[in-house]
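Asks: My structure is below; once you've seen it, I'll send some questions.
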Amino acid sequence: MSEDRLYDDPDLVQFYDLENGWGADFDFCTRLAEEAKSVLDLGCGTGELAAKLTDRCEVTGVDPAASMLQVARARPGGEQVTWIQGDARGLELGRRFDLILLTGHAFQVFLTPEDQLAALRTMALHLSPRGRFLFDSRNPAAEAWRNWGPEKSRRELEHPTLGAVEAWNDVAYDPQSGIATYETHYRVEATGEHLSATSKIRFTPKDELETLISEAGLHVTRWYGDWRSGPCTPASKELIPLGGLVQLA
C-alpha cells in the first residue's frame, strides 16, 4: 500500500464526501454500534460515521491520510472523536474495543495476503473478548471493475463551491493478482481544471478471506452479501464478515 493522491491530496479529498456520503453501510454500522460502549473505526476517512457514533459511544478513528483526518476533525461531532493518523497494519493503541469497523472497502487497499493478515491481526489485538469486528470487501465473482470504464462510470457531481463537476474512472484488472488499477478523474466544468489520481485495490475471494481471518485469531459468526443483511452467496456483490475473537477452551 503506497501513498494515494485520491486520499492524500486536499484538492482531491474535497470530492470524497460527494462520492461516498451516508448510505446503507453506515446505517448498518450505526445499528451494530448500539450495543457497544467503544468503537474503533479503522480507515475512518473523512470521519462521517465516526462523528455520528459519538452520540452513543466512545469513538477512535484511525486513517493513514492526513488530508482525510483534517476534514474529519472539522466536521460537526469531530471534536468528540479521538483521531489518530496511522496504518492498520501496524497499529498498537494499548487498549481494546467493543466494536471494530473497517468499511468503505478500505480492506481492499491491502494488496498482499501478508498485508491483509497484518490488518486482521490488528483487529484481533484491539478487540475485547466479547467484542465484534466487521469489514467489507467486494466479491471478485461480481466483477465490479467492469463498470469502472469511462463510459459506464461517467457521472455529474455538484460541488458546493466549484459547481458542476464531471467525474469518471478508468481501470485495468489483473486476474492473476486480483489487483485492479483504476484512475479517478474530475473536471471542473466552469474552469476546465482536470484533477486525477491512480489507485490500486485487491479483490480477494471468500475462501482466502476465511483462511486469513482464521490465521489472525478471529472467527466469523455471519457472512452478509449486502448492507441490508442479505445472505452471502457466490453471486453477492459484497463479502461482509461479522465476527469476534476465537475463544480458547
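The values are calculated or read from the model by the stated rules, or taken from the named source; none is laboratory data. Because the structure is a prediction, the values reported are computed rather than measured. With ideal geometry, Cβ positions are generated from the backbone for all residues, glycine too; neighbour counts draw on all protein chains shown. We work out accessible area using only protein heavy atoms, side chains counted, and drop any ligands, DNA or RNA first. Shrake-Rupley method; radii C 1.70, N 1.55, O 1.52, S 1.80 Å.
Asks: Taking only pairs six or more apart or across chains, which ones have beta-carbon atoms under 9 Å, a first residue in region 136-164 that is among the β-branched types (Val, Ile, Thr), and a second residue that is surrounded by 15 or more Cβ atoms within 10 Å (Cβ to Cβ)?
Replies: From residues that are among the β-branched types (Val, Ile, Thr), the pairs are Thr161/Gln14.
Asks: Just to verify a result, which residue in region 191-249, among those that are out of contact with any Gly (no Cβ under 8 Å at 6 or more places or on another chain) and among the hydroxyl-bearing types (Ser, Thr, Tyr), is nearest to Asp136 (Cα to Cα)?
Replies: Across region 191-249, the extreme among qualifying residues is Ser229.
Asks: Starting from residues that are surrounded by fewer than 12 Cβ atoms within 10 Å (Cβ to Cβ) and of a type in the set (Asp, Glu), keep the ones in region 143-173 and report whichever is nearest to Thr112 (Cα to Cα).
Replies: Glu151
Asks: Could you count how many residues in region 110-141 are within 18 Å of the chain's Cα centre (by Cα), under 18 Å from Ala235 (Cα atoms) and either open to solvent by 20 Å² or more (accessible area, probe 1.4 Å) or not polar (S, T, N, Q) (or both)?
Replies: Looking only at that region, the number is 3.
So that you can scan it fast, the table gives a plain yes or no per residue for (1) in contact (Cβ under 8 Å) with a residue 24 or more places away in the chain; (2) under 30 Å from Arg154 (Cβ atoms):
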| position | (1), (2) |
| --- | --- |
| Leu6 | yes, yes |
| Asp9 | yes, yes |
| Gly21 | yes, yes |
| Thr30 | no, no |
| Ala33 | yes, no |
| Lys37 | yes, no |
| Leu49 | yes, yes |
| Cys57 | yes, no |
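Asks: Still on this structure, I have one more. Having 1 or more residues that are open to solvent by less than 30 Å² (accessible area, probe 1.4 Å) is the bar; report the helices (runs of 4 or more DSSP H) wholly within region 6-109 that clear it.
Replies: 10-13, 24-32, 48-53, 66-74
Asks: For region 132-148, give me the residue count where each residue is of a type in the set (Phe, Trp, Tyr) and part of a helix (DSSP H, G or I).
Replies: Going through region 132-148, the residues of a type in the set (Phe, Trp, Tyr) turn out to be 133, 135, 145, 148.
Then keep just the ones that are part of a helix (DSSP H, G or I); that gives 145.
So the count comes out to 1.
Asks: Now for a separate question. Taking region 174-216, which residues are closer than 23 Å to Leu125 by Cα and open to solvent by less than 30 Å² (accessible area, probe 1.4 Å)?
Replies: Thr204, Leu209, Leu212, Ile213, Ala216 - these are the residues of region 174-216 that are closer than 23 Å to Leu125 by Cα and open to solvent by less than 30 Å² (accessible area, probe 1.4 Å).
Asks: Quick check: anything in region 190-207 touching a residue at least 60 places away in the same chain (Cβ under 8 Å), farther than 24 Å from Arg146 by Cα and in contact with a helix residue (DSSP H, G or I) (Cβ under 9 Å, 6 or more places away or on another chain)?
Replies: Looking for residues that are touching a residue at least 60 places away in the same chain (Cβ under 8 Å), farther than 24 Å from Arg146 by Cα and in contact with a helix residue (DSSP H, G or I) (Cβ under 9 Å, 6 or more places away or on another chain), one finds none in region 190-207, hence no.
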